[in-house]
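The values are calculated or read from the model by the stated rules, or taken from the named source; none is laboratory data. All figures in this text were calculated on a predicted structure; none of them were measured in a lab. Note that each Cβ is placed from the backbone with ideal geometry, even for glycine, and that neighbours are counted across all protein chains shown. Heavy atoms of the whole protein, side chains included, go into the accessibility calculation; ligands, DNA and RNA do not. Shrake-Rupley method; radii C 1.70, N 1.55, O 1.52, S 1.80 Å.
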Amino acid sequence: MGETVLVTGGAGYIGSHTCKALAKAGFTPVTYDNLVSGHRWAVQWGPLEVGDIRDPLRLASVVKVYRPAAVIHFAAYAYVGESISEPAKYYRNNVAGSQVLLDVMRAQDVEQMVFSSSCATYGIPAKLPITEQTPQSPINPYGATKLMVERMLADYGAAYGLRSVALRYFNAAGADPDGDIGEDHEPETHLLPLVLEAAAGFRPDFTVFGDDYATPDGTCVRDYVHVCDLAQAHVLALQSLGAGQPSAIYNLGNGEGYSVARIVETARKVTGREIKVKQGMRRPGDPDSLVADATKARTELGWRPEFPAIEAMVGSAWDWLLRHRQRGSSL
């Protein structure tokens, strides 16, 4: 195998798909994860080191053993609602933990990082589509923590020579087409798995939060991107840094928005099941529409999404859900 890459949060949803893509590209992914929300069964393409990013001694010992050429940093709490009710938890882990990681990297001369950022750093944009130059005004602590880490990367780059790529992605969806890994959160808050769980009969219905948005059908519009396409973007970003390219920031999305109502309708067609829908109150702070302009990633990284169709995302997620539930969630 080729160069070793430390993947914090590599036992999670996007992290595990990225580890598979890394291995396919010839890298050796070493997962560093505290398993609070990640899963042992999702670590299949390299060693697992259990540890917390806030633990400098544990982190330093792992870096010393494996001598990674770079770090891909996913480890973070990522529930927007929880970040509002428990901001201390988010700043302590997402910001302070990231600083511990950066300082360990600096002490051991690891000078390249790919960072899992988010479109949540933009808040409610004044116009669409969202480019990398769109002003960043996060409306929740989760988005604020991601923005703070982006700022740290820029400052560490200017002062210490760290080179980094921050990937601001939109709504991850879908699952590994081979069925090896997929989405499994507890609690589950993401729209697509909730819709599919209702289709499968694992929950009685699906709640649509708000039908009075300024969109064609009144429900929120979001830009969905297949998790395997996100994973490939991380590999391309890593290769860009390895080739000596400067630090950069990229949006990752398909450039097309799908409403909640359209996702439900697509899920009905793909699964052939009825999905009972309940109407709920709109959630405060939810923008009407979020759609990415990912031209820069396509142009500079050569990123070409392989699964841009929403049907492919829904279909792979459905296959995973049925297969995963048959095997049992305690794999």
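When the solvent-accessible area of the chain is split by element, carbon and sulfur atoms take up 51 percent of it, the probe being 1.4 Å.
Restricting to DSSP H runs of at least four residues, report the calculated mean residue ellipticity at 222 nm for the chain, -39500 (n - 2.57) per run over all residues, nearest 500 deg cm²/dmol. Write out the running numbers ahead of the final one.
Numbers: 10 runs with 120 residues, N = 331.
-11500 deg cm²/dmol, from helical runs alone.
For Lys64, the accessible surface of its heavy atoms amounts to roughly 140 Å² (probe 1.4 Å, protein chains only, rounded to the nearest 10). Overall dimensions of the range 1-111, expressed as equivalent-ellipsoid semi-axes from the Cα gyration tensor (√(5λ), whole Å, largest first), are 23, 17, 11. Could you list which residues have their amide H under 5 Å from that of Asn254, counting only those 5 or more apart in sequence or on another chain, with H placed in the peptide plane? Residues meeting the amide H criterion: Tyr224, Ala292. Taking all Cα pairs closer than 8 Å and separated by 6 or more residues, the relative contact order of the range 185-305 comes to 39 percent.
Only alpha carbons enter this Debye calculation for the range 165-221, each as an equal point scatterer, and the log10 of I(q)/I(0) it gives at q = 0.12, 0.15, 0.16, 0.22 Å⁻¹ is -0.42, -0.63, -0.70, -1.05.
When only alpha carbons are used to place a centre, the range 213-268 and the range 92-155 end up 17 Å from one another.
Over the range 212-331, average the accessible area per residue using a 1.4 Å probe and give it in Å², no decimals.
The answer is 47 Å² per residue.
Compared with the dominant Cα axis of the chain, that is its longest principal axis, helix 13-24 is turned about 60°.
Calculated accessible area for the range 67-155 comes out at 43 Å² per residue, all protein chains present (probe 1.4 Å; ligands, DNA, RNA ignored). Tell me the label-point distance for the pair Arg298, Asp212, using the 7 Å Cα-to-Cβ offset, in nm and rounded to one decimal. Reported label-point gap for Arg298 and Asp212 is 3.7 nm. Could you tell me how many degrees, from 0 to 90 and to the nearest 10, lie between the Cα long axis of helix 227-242 and the main elongation axis, the longest principal axis, of the Cα atoms of the chain? Long axis of 227-242 versus the principal axis of the chain: about 20 degrees.
In nm, to one decimal, how far is the modelled label at Ala154 from the one at Lys269, with both set 7 Å along Cα→Cβ? Result: 4.2 nm between the two label points. Quick one: compute the contact order of the range 22-85, relative version, from alpha carbon pairs under 8 angstrom and 6+ residues apart, as a percent. It comes to 25 percent, rounded to a whole number.
Accessible surface comparison of Lys276, Lys146, probe 1.4 Å, protein chains only, largest first: the order is Lys276, Lys146.
Using only Cα atoms, find the angle between the long axis of helix 191-200 and the longest principal axis of the chain, and express it within 0 to 90 degrees, rounded to the nearest 10. Here the helix axis deviates by roughly 50 degrees.
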